[in-house]
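Engineer: Below is one structure. I have some questions about it.
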Amino acid sequence: AAGYRKIVLLKGTYRINGEDARETCISIPSYFTVDMNGSTFKLDTIDNDASGAIVRMTDVVDAHLINGTLEGDRFERKALDLEHLYNGEPINTVFIRGGKYCSLDNLTIKNTTGHTIFTAYQLGPGKNVSGYTNTAIVDGKEVPKSNCSTSSMVDLQDIINWDKDTDYLYVGYYGGYRGIKGESPIVCVSFYDSNKSFMETITSYQYRKVGIPSGARYARITLLGSNIPTSGSDSLQVFTKHLGDYNAFTNIDFIDTRTTCIAPAACNNLLIEGCTYTRCGCSITPLEVDFEDCWEEGQDIYYRNNTVIEKAATNTGTIVDNTGYNHVYENLENHSVTIRGRASGVVFRNNTDGKSTLNWAVNDKIHSGFGRIYNNNCGFINFYNSSGSAIPVEMKVKNCVIINGPTTNTWTGSLPDRVVYENCTFTSFAGANATLVNCTVIPSNAFQDKLFFYGCTFGKDQKNGYNISSFVDTTRVFENCIFNGQTEFTHYGFLGSVFRGCTFADLTMIDCVSSGNDAIVFDNCKINSSADKFIHVGPYAYSTGRLNFLLRNCELTHIGSTFIYLSSTPTGDSQILFEKCTVNTSGTT
């Protein structure tokens with residue numbers, strides 16, 4: 001109040017009385033910086049499980065904590081046998097509610113019990129939206145439209161008067177698990193003055209800020225879709241709140257946290273950068289960072305240049321991200337990121353550690369916007385559809401080096417055209433349900449369901465052999481692909497594959513028989529083989545197995561001893577058909 005903007009503490013250890021510390025801890029006001037100067041804030045042991053914090057910032061502007069260590073009471077509570085189930089989860093280290101332009105920088109945070117840095121929103125007044133008719137507002141006039149729903153007038157007076165510095169509103173459901181209402185996240189808000197005369201229509205997204213024009217008093221809400229619910233968790237409100245805007249958590253070393261290091265419950269324009277994690281996320285929520293409770297109000301999150309140094313033994317991943325808009329993940333080391341089915345506009349790029357991985361639920365377009373995944377060198381990048389019947393959005397992965405192939409075994413609907421990998425390198429591919437374009441593929445040993453390869457190169461070089469097995473009869477298409485090295489197609493279930501315009505440096509096929517009706521088809525391929533036996537059936541193939549090889553317009557060169565060798569008798573309707581092929585072989589059949 002006297003105009004001071006910063007305090008530099010005497011170096012030492014400052015003890016924080018834990019009991020009821022959520023309200024009585026160090027509270028940093030607006031326009032103020034606490035420079036800890038290498039000091040430690042130590043939380044005394046808390047016997048209860050429902051309160052406690054070391055530092056709090058409540059609806060403040062331009063508040064900062066820098067240059068020190070925050071130490072929780074985790075090990076003391078363990079010694080007192082207080083660490084059970086969810087006990088202690090609300091004991092935060094830093095608690096931030098609302099506010100904007102705040103930061104935490106150059107800190108060590110260790111031995112914490114609850115969600116370490118926890119952010120929450122400051123909720124203002126809200127109004128229910130009802131009275132929908134199948135109309136749209138066009139140039140201020142009602143126009144009948146069967147696929148639109150426009151509400152009756154909503155009085156904005158309480159929202160406008162809540163905070164003189166808040167000139168915006170949100171449209172959505174502000175309780176529970178949020179969720180997009182109607183058939184699109186797009187929302188049109190038409191504003192009217194105190195005489196209910198039309199002013200303007202602003203197009204935005206549900207849960208995004210919508211600026212309130214000066215002089216506005218009323219609003220009407222237009223959604224895409226009909227039969228919009230007006231009560232319960234599927235209803236819509238107009239409301240206002242402080243999410244926590246333009247905050248930054250930078251250069252923080254987290255050590256031995258019981259549960260998450262960072263747990264934002266709402267945020268807009270949040271930067272998390274230069275953080276490290278050592279043995280964090282041991283239980284309760286066994287992750288380093290949990291965006292789970294942000295829902296659609298987790299907006300414009302920039303998470304970059306962060307490193308997991310050592311995972312806790314019970315850690316199940318690094319990040320869970322449920323939903324929201326515009327989340328950027330880049331330059332990460334040793335991270336495991338899970339994106340669930342309502343995140344829109346996610347970027348995953350320049351993650352160069354082979355231990356970094358991505359699991360992404362891509363549901364329908366209403367809930368999941370398109371993502372951008374490129375320039376990564378990571379463990380795996382996999383997709384799945386968590387909503388069952390919904391048709392997932394299309395995803396493209398570009399210019400990545402991926403250790404493991406797309407193991408999308410949980411993909412509902414098995415739609416390979418929805419996931420395209422372009423100009424990627426796979427060092428141990430064993431995937432399913434994907435399309436690969438101009439990729440380099442080193443198979444691990446098995447191919448699964450519904451795979452399409454266009455212009456891909458298989459194998460490392462001419463000297464390294466590899467085999468490709470399949471334990472299912474299904475659809476696999478290879479067009480204009482190059483198979484380097486010694487390639488083996490093997491196992492009695494390898495059928496249902498089509499090769500068009502492919503080149504094989506050295507191919508052999510062993511026990512490729514099946515009781516199914518599918519065929520191995522080579523069309524306009526160039527095939528070389530130095531194997532002793534080019535097509536080799538037995539001794540491990542079933543004697544009742546069915547052969548079905550179709551070779552059309554192919555050029556084959558075999559320098560082994562036996563071109564076709566059958567050590568067991570296939571079924572009577574088997575065939576090995578050469579049609580308009582050129583065959584050069586030094587062996588016998």
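The values are calculated or read from the model by the stated rules, or taken from the named source; none is laboratory data. Keep in mind that what you see is a predicted model, and the values were worked out from it rather than measured. Because the Cβ atoms are built from the backbone with ideal geometry, glycine has one as well, and the counts that use them run over all protein chains shown. Calculation scope for accessible area: heavy atoms of the full protein, side chains included, ligands and nucleic acids excluded. Shrake-Rupley method; radii C 1.70, N 1.55, O 1.52, S 1.80 Å.
Engineer: Check K450: other-chain or 5+ apart residues with amide H under 5 Å from its amide H, H built from backbone geometry?
Structural biologist: Here the answer is N433, T475, since their amide H atoms fall under 5 Å of that of K450.
Engineer: Ignoring ligands and nucleic acids, what accessible area does D293 show with a 1.4 Å probe (Å², nearest 10)?
Structural biologist: Using a 1.4 Å probe on the heavy atoms, I get roughly 80 Å².
Engineer: Could you give the nm distance between label points at D59 and F75, where each point is 7 Å from its Cα heading toward the beta carbon?
Structural biologist: Rounded to a tenth, the inter-label distance reads 3.9 nm.
Engineer: Where does the chain land on Rg/Rh, using Cα atoms and the Kirkwood Rh?
Structural biologist: Working: Rg = 30.4 Å, Rh = 27.6 Å.
Ratio of gyration radius to Kirkwood radius: 1.10.
Engineer: Calculate the FRET efficiency for E479 and Y101 from the Cβ-Cβ distance with a Förster distance of 41 Å, rounded to the nearest 0.05. Write down the numbers at each step before the final one.
Structural biologist: Values: r = 54 Å, r/R0 = 1.32.
Calculated value: 0.15.
Engineer: So which aspartates and glutamates pass the test for K396, namely a Cα distance under 15 Å, with those fewer than 8 places away in the same chain ruled out?
Structural biologist: Once the sequence-local aspartates and glutamates are set aside, what remains near K396 is D417, E422.
Engineer: Let me cross-check T285: its accessible surface, 1.4 Å probe, with only protein heavy atoms counted, in Å² to the nearest 10?
Structural biologist: 30 Å²
Engineer: Can you list the aspartates and glutamates whose alpha carbon sits under 15 Å from that of K181, skipping same-chain ones fewer than 8 residues off?
Structural biologist: Leaving aside aspartates and glutamates fewer than 8 places away in the same chain, those within reach of K181 are D234, E296, E297, D364.
Engineer: By how many nm would the segment from D234 to L9 grow when fully extended, if each residue of separation counts as 0.36 nm and the alpha-carbon distance is taken off?
Structural biologist: Working: separation 225, 0.36 × 225 = 81.00 nm, distance 5.03 nm.
Full extension of this stretch gives 76.0 nm more.
Engineer: Let me ask another. Would you calculate the separation in nanometres between label points at A50 and T582, each defined as 7 Å from the Cα along the Cα-to-beta-carbon direction?
Structural biologist: In this crude spin-label approximation the distance works out to 8.5 nm.
Engineer: Which of the residue pairs K164/K196; K355/K533; K398/K450; K145/K241; K11/K110; K398/K533 have a Cα-Cα distance greater than 30 Å in the structure shown? Provide the component values of the computation, followed by the final result.
Structural biologist: Details: K164/K196 22 Å; K355/K533 40 Å; K398/K450 20 Å; K145/K241 32 Å; K11/K110 18 Å; K398/K533 39 Å.
Pairs exceeding 30 Å: K355/K533; K145/K241; K398/K533.
Engineer: At 1.4 Å probe size, what's the solvent-accessible area of D167? Round to the nearest 10 Å².
Structural biologist: 100 Å²
Engineer: Sticking with this one: For K526, list the lysines whose Cα falls under 16 Å from its own Cα; do not include residues on the same chain fewer than 8 positions away.
Structural biologist: Those lysines meeting the cut-off are K580.
Engineer: With a 1.4 Å probe and every protein chain left in place, work out the accessible area per residue of the chain in Å², rounded to a whole number. The partial results should precede the final answer.
Structural biologist: Values: 23570 Å² over 589 residues.
Per-residue accessible area for the chain comes out at 40 Å².
Engineer: Quote to one decimal, in nm, the extra length available between S152 and I391 on full extension: 0.36 nm per residue of separation minus the C-alpha distance between them.
Structural biologist: On the way: separation 239, 0.36 × 239 = 86.04 nm, distance 3.32 nm.
Stretched out fully, the S152 to I391 stretch lengthens by 82.7 nm.
Engineer: Taking amide hydrogens as modeled 1.01 Å from N in the peptide plane, which residues meet the under 5 Å criterion relative to V347, leaving out close sequence neighbours?
Structural biologist: So V347 has HN proximity to H327, V328, Y329, R372.
Engineer: OK, next. Once each part is reduced to its C-alpha centroid, what is the distance from segment 5-33 to segment 273-298 in angstrom?
Structural biologist: Each part's Cα centre sits 24 Å from the other's.
Engineer: Still on this structure, please answer the following. So, R0 is 60 Å and r is the distance between the beta-carbons of S130 and D523; what FRET efficiency does that work out to, to 0.05? Write out the running numbers ahead of the final one.
Structural biologist: Values: r = 62 Å, r/R0 = 1.03.
About 0.45, to the nearest 0.05.
Engineer: For V138, project a label point 7 Å along Cα to C-beta. Then give me every residue of segment 196-211 with its amide nitrogen under 16 Å of that point.
Structural biologist: Correct set: 201.
Engineer: Residues with beta-carbon under 15 Å from that of Y454, excluding Y454: net charge, scoring Lys, Arg +1 and Asp, Glu -1?
Structural biologist: On the way: positive: K396, K398, K450, R476, R500; negative: D417, E422, E479, D523.
It works out to a net charge of +1.
Engineer: Let me ask something else about it. Gap in Å between the Cα centre of segment 120-195 and the Cα centre of segment 325-382?
Structural biologist: With segment 325-382 and segment 120-195 each reduced to a Cα centre, they are spaced 32 Å.
Engineer: A further question follows. For segment 263-386, calculate the relative contact order in percent as a whole number, restricting contacts to Cα pairs under 8 Å that are 6 or more residues apart.
Structural biologist: Numbers: 369 pairs, mean separation 25.1, N = 124.
After rounding, I find 20 percent.
Engineer: How much of the accessible area of segment 208-345, in percent, comes from carbon and sulfur atoms when a 1.4 Å probe is used? Write out the running numbers ahead of the final one.
Structural biologist: Working: 1660 of 3800 Å².
Roughly 44 percent, rounded to a whole number.
Engineer: Quote to one decimal, in nm, the extra length available between S283 and I186 on full extension: 0.36 nm per residue of separation minus the C-alpha distance between them. Before the final figure, lay out the partial values.
Structural biologist: Details: separation 97, 0.36 × 97 = 34.92 nm, distance 3.80 nm.
This chain segment gains 31.1 nm when fully extended.
Engineer: Got a number for carbon plus sulfur as a percent of segment 46-95's accessible area, 1.4 Å probe? Before the final figure, lay out the partial values.
Structural biologist: Numbers: 1050 of 1930 Å².
That share works out to 55 percent.
Engineer: Roughly how many percent of the accessible protein surface of segment 144-207 is carbon and sulfur, given a 1.4 Å probe and a whole-percent answer? List each step's numbers first, then the result.
Structural biologist: Details: 1400 of 3090 Å².
Within segment 144-207, the accessible surface is 45 percent carbon and sulfur.
Engineer: Here is a follow-up. Rounded to the nearest 0.05, what FRET efficiency do R500 and N399 give with R0 = 25 Å and r taken as the Cβ-Cβ distance? Could you check?
Structural biologist: Details: r = 26 Å, r/R0 = 1.02.
Result of the calculation: an efficiency of 0.45.
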